[in-house]
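The values are calculated or read from the model by the stated rules, or taken from the named source; none is laboratory data. These numbers were taken from a predicted model, which means no experiment stands behind them. Neighbour counts run over all protein chains shown; Cβ positions are idealised from the backbone, glycine included.
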Amino acid sequence: MQEFVEALLGVASQDTLILLTSVCMVLTLVFFIAWRRWVLPSFLYAHLTVLFLPLLVFAVSLNCTLPFATSLLSLCTLVLTQVIILLIPTAALTAIIFGYALMPVWIRWHYSAKPISLSTLVKPANRAKSRDGIKGFILDTGAPLAFAARNAVFISVGMIELLTPKETEAVVLHEIGHIKRGSSWAKFSIAVGRYLSPLVRYWAPSLIDEEAAADEYSAQIQGTWKHITTARRKVEEF
Ligand SMILES: [Zn+2]
């Protein structure tokens, strides 16, 4: 009787697993297509979740009803397999949360960046139009660099030397535009996704729209497209 019940449970869970895997495979594609279309990180995380869900359920459903788990040694292997399978998503999740939270700290350390008040780069009237609470850091390198990470704008000495003050302001506003739109989270999510999903690795969407939108934000606050356009040209020609 016990064998019968165990066999029944085994078959049922296998069927459920097959059904779950099929549904997840379809959803994996659906979320991926939605993410490519709208570039919202939530679709990317939904895609990654359904990609790994069958593996998680499989790990949890591994039990002693399986024939190979009858001896003590096999039980040991079973537990180890479960731990390893469960460890992958846990490690990925931890890496995502800590990676994003600590990204500005890591960049500061990597480039030995020093804090700079954004009001020295953006005139007060324009600063007032953008959200506060954004930190500025200066990178000690001759290369013209500027980027946003979480809630911080990084700009290099090389960039400030290459551009006029108005163009520098345009670039800083462009980066603030990225922060306001959450592009930094979108970019970070793509970088993480590349390691976890082959679809993301080979068919990640282009972020060209994000660039255009950040430029537009900058132009809107400055009231002209002139400075962001000349700044972009100078950086490209560098
Ligand atoms: Zn940009």
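Test of understanding: among H178, H227, which residue is closer than 21 Å to L163 by Cα, at pLDDT 95 or above and not charged (D, E, K, R)?
Only one candidate passes the filter, namely H227.
Kindly list the number of the only condition in (1) within 11 Å of the ligand (Cβ to nearest atom); (2) without any contact (Cβ under 8 Å) to a residue 12 or more places away in the chain; (3) not polar (S, T, N, Q) that fails for W225.
Evaluating W225 over (1) within 11 Å of the ligand (Cβ to nearest atom); (2) without any contact (Cβ under 8 Å) to a residue 12 or more places away in the chain; (3) not polar (S, T, N, Q) leaves (1) as the failure.
Residues that are more than 19 Å from W225 (Cα to Cα), of a type in the set (A, V, I, L, M) and within 16 Å of the ligand (Cβ to nearest atom), at least 3 per element: which strands (runs of 3 or more DSSP E) completely within region 129-214 meet that?
Output list reads 152-156.
Here are some residues: I190, I155. Which one is surrounded by fewer than 21 Cβ atoms within 10 Å (Cβ to Cβ) and either touching an Asp or Glu at 6+ places or on another chain (Cβ under 9 Å) or within 30 Å of L29 (Cβ to Cβ) (or both)? Quick ask: steps written out before the conclusion?
On the way: I155 fails: surrounded by fewer than 21 Cβ atoms within 10 Å (Cβ to Cβ).
Unique residue meeting the criteria: I190.
Read through the list (1) buried (at least 18 other Cβ atoms within 10 Å of the Cβ); (2) without any contact (Cβ under 8 Å) to a residue 12 or more places away in the chain, then give the number of the only condition that V172 fails.
(2)
Of the numbered conditions (1) farther than 27 Å from A91 by Cβ; (2) buried (at least 20 other Cβ atoms within 10 Å of the Cβ), S183 satisfies every one except a single condition; which is it?
With (1) farther than 27 Å from A91 by Cβ; (2) buried (at least 20 other Cβ atoms within 10 Å of the Cβ) applied to S183, the lone miss is (1).
For every residue, the table says whether it meets (1) out of contact with any Ser or Thr (no Cβ under 9 Å at 6 or more places or on another chain); (2) farther than 25 Å from L196 by Cα; (3) of a type outside the set (K, R).
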position: S119; (1), (2), (3): yes, yes, yes
position: I138; (1), (2), (3): no, yes, yes
position: A148; (1), (2), (3): no, no, yes
position: I155; (1), (2), (3): no, yes, yes
